Amino acid sequence: MDISALHTATENLAEWLSEVTQGDLGQPTPLPDRDVGDLYVHLIERNTDITTVLTAETRPVRSRAHPMRRSALDVSANLYGGGFEELYRQTAQQTEGAFASIPSPALRYCIDGAELDASALYEKHVSETVIHTWDLAQAMGFDYLPASDVTHQVLTTLQKSPPESVDAVWEYALRMSGRVPLPDYPCPRCSPSTSVGVRRTTLAGDPAATT
C-alpha cells in the first residue's frame, strides 16, 4: 500500500509533539476528560494496536518494548520540552511499515469491534491522526488547518460530502468528528455564514482576529 499520506500526517503530528513540555501535559484537549498526557498515551497505544492487528501479532508491540502509563509521563518528561516525538515516531513508523507490507488493500481486519478492509482502516487512521493533530494544537493554544486535499479526505472518511469552501470543509469535518457542536443547519454550504468563532493565534502566540 502507498503510505505517503499517513507518513505526512504522522510527521506533522510528531512536529507538534516535539514542542510539548512537561507543563503542557495537564492542558485539556477538545476531547472530554482527556488532557495532553492522556492524548499522548492514546496515540502510542493506537499505533501499537493497529500494528498488532495488521501484523497478526499475538502480543502488543508496546508490551515488549514500550510500556506506557499516563502516571509515568510527568516524572519522565523533559522539563524544557522535546522527546515526546521520539517514541511516537517509532510506533508510527511501525504502523506505516505494517500498512506498507499488506499485499492487498482488500484484506479485512477486525479492530474496535468492527471489520474493515485494509484501505478503509488506513484512511480511518490517517483521518484520526489529522484530527488528533488539531486536538493537540488546540490544547497548546494554536489553531491548525490541514492542507485542502487532507481536509477533503478526512470528511470523505467520515462519509460526508465535502462542502465547496476549503475552510468550511475542515469546520464541517470537526463537527462531524464531534469536536465542534453541530449547528441547526445540516452543512456549512447551507448556513448563512461559515464562521465558527475560533480564536486563532500566530506561531508566535499573538492573538489574531477572531473569525
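Derivation of every value follows stated rules applied to the coordinates shown; laboratory data play no part. The structure displayed is predicted, hence computed values, not measured ones. No Cβ is skipped: glycine too gets one built from the backbone with ideal geometry, and neighbour counts run over all protein chains shown.
Protection proxy ranking of 96-109, 11-24, by the mean of other Cβ atoms within 10 Å over each peptide's residues and highest first, is 11-24, 96-109. Listed values for the range 120-131 are Karplus-derived 3J(HN,Hα) couplings in whole Hz (6.51 cos²θ - 1.76 cosθ + 1.60, θ = phi - 60°), namely 5, 5, 4, 4, 5, 5, 4, 4, 4, 5, 5, 5, and x replaces Gly and Pro.
Tell me, what is the FRET efficiency for residue 2 and residue 143 to the nearest 0.05, using R0 = 22 angstrom and their Cβ-Cβ distance as r? Efficiency at R0 = 22 Å is approximately 0.15.
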